[in-house]
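Below you'll find the structure, written out as structure tokens, and then a few comments.
The values are calculated or read from the model by the stated rules, or taken from the named source; none is laboratory data. Bear in mind the structure is a predicted one, so any value in this text is a computation, not a measurement. Please note: Cβ atoms are built from the backbone with ideal geometry, for glycine as well, and neighbour counts cover all protein chains shown. With ligands, DNA and RNA removed, areas are computed over all heavy atoms of the protein, side chains included. Shrake-Rupley method; radii C 1.70, N 1.55, O 1.52, S 1.80 Å.
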Amino acid sequence: MNAQIQKLYSKAAKTERFIIGLMSGTSMDGLDIALCSVKGSGPDSDIRLLKFKTGDYTDDFRAKIKAVFSKKEVDLQLVCLMNEHIANTHATLINEALEEWGVEKEEVDFIASHGQTIFHAPKSLHQQADYPNGTLQIGDGDHIAIKTGIITLSDFRQKHLAAGGEGAPLAVYGDYLMFSKAGEDRVMLNIGGIANFTYLPGSMDAGAVFSTDVGPGNTLMDQYMQKHFNRFYDKNAAVALSGEVNNQLLSALLDCGFFDLDFPKTTGPELFNLEYVTKAQEISSTIDISKEDVMATLCHFSAETIANAIKRCFGENARAQVFMSGGGMHNPLLVKQLQAILPSCNFLTTDDLNINPDAKEAVLFAVLANETLCGKPINFGDRKGVPSVCMGKISLPE
């Protein structure tokens with residue numbers, strides 16, 4: 001047997017595995033690095049977050065990602081080069097984190113890398129009958145494995161596509177294993193660039209679990225701030241709080257076929273971008289309103305689309321335990337608006353479940369890797385969009 005295959009087998013057979021989960025989302029604010037201890041698999045999984053940090057991206061690196069991000073026409077040579085460049089950068093950030101934490105590479109069994117999404121194209125968006133759902137994440141796993149010396153799992157979303165899903169959201173798989181609780185219905189709400197949630201029934205019935213994107217989280221606000229205020233995001237909602245919601249613009253923003261699609265569904269900045277905002281302003285004759293009013297309206301738009309999706313699932317007077325994660329949970333105006341629209345829901349964060357909400361998505365990929373190595377597909381039934389599969393390609397360091 002190949003020595004690396006033997007090493008893979010031996011590490012997968014350990015009673016406790018140390019796995020680094022990585023996440024770099026559409027906000028491109030940095031690389032989330034979560035060192036996790038994982039025992040068992042499936043519903044018996046015992047997951048602990050040991051160390052966490054976000055490795056900062058330089059402005060130059062972020063600009064290079066944006067040059068190939070969410071565009072139908074790009075420099076193909078740059079896409080090719082960035083596949084390797086992103087992986088090398090991520091490997092450097094991992095090595096730096098391990099040194100900072102005083103953790104030897106030999107102590108880490110596996111890396112689970114999400115990569116960087118540069119385009120997401122479900123059929124609902126591309127509308128081309130001859131083509132399937134598509135998505136593309138770059139940041140090659142072999143480069144990470146070689147440069148860290150650690151077995152790496154990557155490219156998780158392709159198996160989901162191959163088995164009939166849309167490649168997202170994958171949170172359903174980890175949320176079910178990490179956060180389900182008998183007797184308590186839970187909603188795991190992640191407000192990243194795109195907002196999504198997972199419903200976890202208190203019955204613990206995997207066949208009733210589902211996860212779906214619901215619309216924009218931070219992406220429109222972040223894009224607008226970067227263009228018009230030269231700031232990466234609206235810290236503490238300061239700009240949005242200085243404006244007022246424009247109902248005409250809000251109505252135009254809400255007038256989109258995506259919101260009428262059945263769950264589960266996926267979307268991305270390919271739909272919700274600054275062009276989307278400009279068209280809504282043109283339709284609503286609000287081109288000349290203040291930029292502060294636009295920001296206030298975009299914040300309310302995100303809150304309303306999230307709340308509408310929860311109401312669609314749980315009724316107009318929805319009552320649920322909502323556990324938040326992602327950057328949007330730090331936006332006080334967005335959270336206040338959610339609480340106002342959903343007064344019967346109890347809003348908490350995954351901190352209340354012993355998982356740092358900023359680390360939650362990175363931890364998710366560590367859990368997905370653990371299932372591929374040591375578990376088996378969870379039976380989510382025959383529902384469209386939630387295939388019962390394990391995910392991730394394996395790259396060996398030698």
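Working only within region 90-114, note down all residues that are assigned to a strand (DSSP E or B) and of a type in the set (Ser, Thr, Tyr).
Step one: filter region 90-114 for residues assigned to a strand (DSSP E or B), giving 110-114.
Selection gives SER113 alone.
With respect to the conditions (1) modelled with pLDDT of 95 or more; (2) closer than 25 Å to TYR199 by Cα; (3) assigned to a helix (DSSP H, G or I), SER251 falls short on a single one, namely (2). Somewhere in region 101-120, is a residue among the polar types (S, T, N, Q), under 18 Å from the mean Cα position of the chain (by Cα) and more than 15 Å from ASP32 (Cα to Cα)? No, the conditions are met nowhere in region 101-120. Residue-level check: of (1) under 19 Å from THR54 (Cβ atoms); (2) crowded, with 20+ Cβ neighbours inside 10 Å; (3) of a type outside the set (A, V, I, L, M, F, W, C); (4) free of Cβ contacts under 8 Å to residues at least 60 places away in the same chain, GLU100 misses just (2).
Pick from region 357-378 the residues that are more than 15 Å from the chain's Cα centre (by Cα), of a type outside the set (Lys, Arg) and part of a loop (DSSP other than H, G, I, E, B): which of them is farthest from TYR9 (Cα to Cα)? In this case the residue turns out to be ILE378.
In the set ALA87, ALA63, only one residue is within 26 Å of GLU270 (Cβ to Cβ), part of a helix (DSSP H, G or I), out of contact with any Gly (no Cβ under 8 Å at 6 or more places or on another chain) and small (Gly, Ala, Ser); that residue is ALA63.
Identify, by number, the condition in (1) surrounded by fewer than 17 Cβ atoms within 10 Å (Cβ to Cβ); (2) touching a residue at least 12 places away in the same chain (Cβ under 8 Å) that LEU81 doesn't meet. Going through the list (1) surrounded by fewer than 17 Cβ atoms within 10 Å (Cβ to Cβ); (2) touching a residue at least 12 places away in the same chain (Cβ under 8 Å), LEU81 breaks only (2). Could you tell me whether any residue of region 379-395 is open to solvent by 20 Å² or more (accessible area, probe 1.4 Å), among the β-branched types (Val, Ile, Thr), touching a Pro at 6+ places or on another chain (Cβ under 6 Å) and not in a loop (DSSP other than H, G, I, E, B)? No, because not a single residue in region 379-395 is open to solvent by 20 Å² or more (accessible area, probe 1.4 Å), among the β-branched types (Val, Ile, Thr), touching a Pro at 6+ places or on another chain (Cβ under 6 Å) and not in a loop (DSSP other than H, G, I, E, B).
Here are some residues: GLY30, GLY21, GLY25. Which one is at positive phi and not polar (S, T, N, Q)?
Numbers: GLY21 fails: at positive phi; GLY25 fails: at positive phi.
Of the residues listed, the single one that is at positive phi and not polar (S, T, N, Q) is GLY30.
In summary, strands (runs of 3 or more DSSP E) completely within region 146-240 and bearing 2 or more residues that are farther than 28 Å from ASP260 by Cα and either aromatic (Phe, Trp, Tyr) or open to solvent by less than 20 Å² (accessible area, probe 1.4 Å) (or both) occur at 151-154. With the requirement that a residue be open to solvent by less than 30 Å² (accessible area, probe 1.4 Å), hydrophobic (A, V, I, L, M, F, W, C) and either modelled with pLDDT of 95 or more or in a loop (DSSP other than H, G, I, E, B) (or both), what does region 115-129 give you? If the condition is that a residue be open to solvent by less than 30 Å² (accessible area, probe 1.4 Å), hydrophobic (A, V, I, L, M, F, W, C) and either modelled with pLDDT of 95 or more or in a loop (DSSP other than H, G, I, E, B) (or both), then ILE118 is the only one that fits. Residues of region 298-346 that are more than 30 Å from ILE287 (Cβ to Cβ) and charged (D, E, K, R): LYS311, ARG312, GLU316, ARG319.
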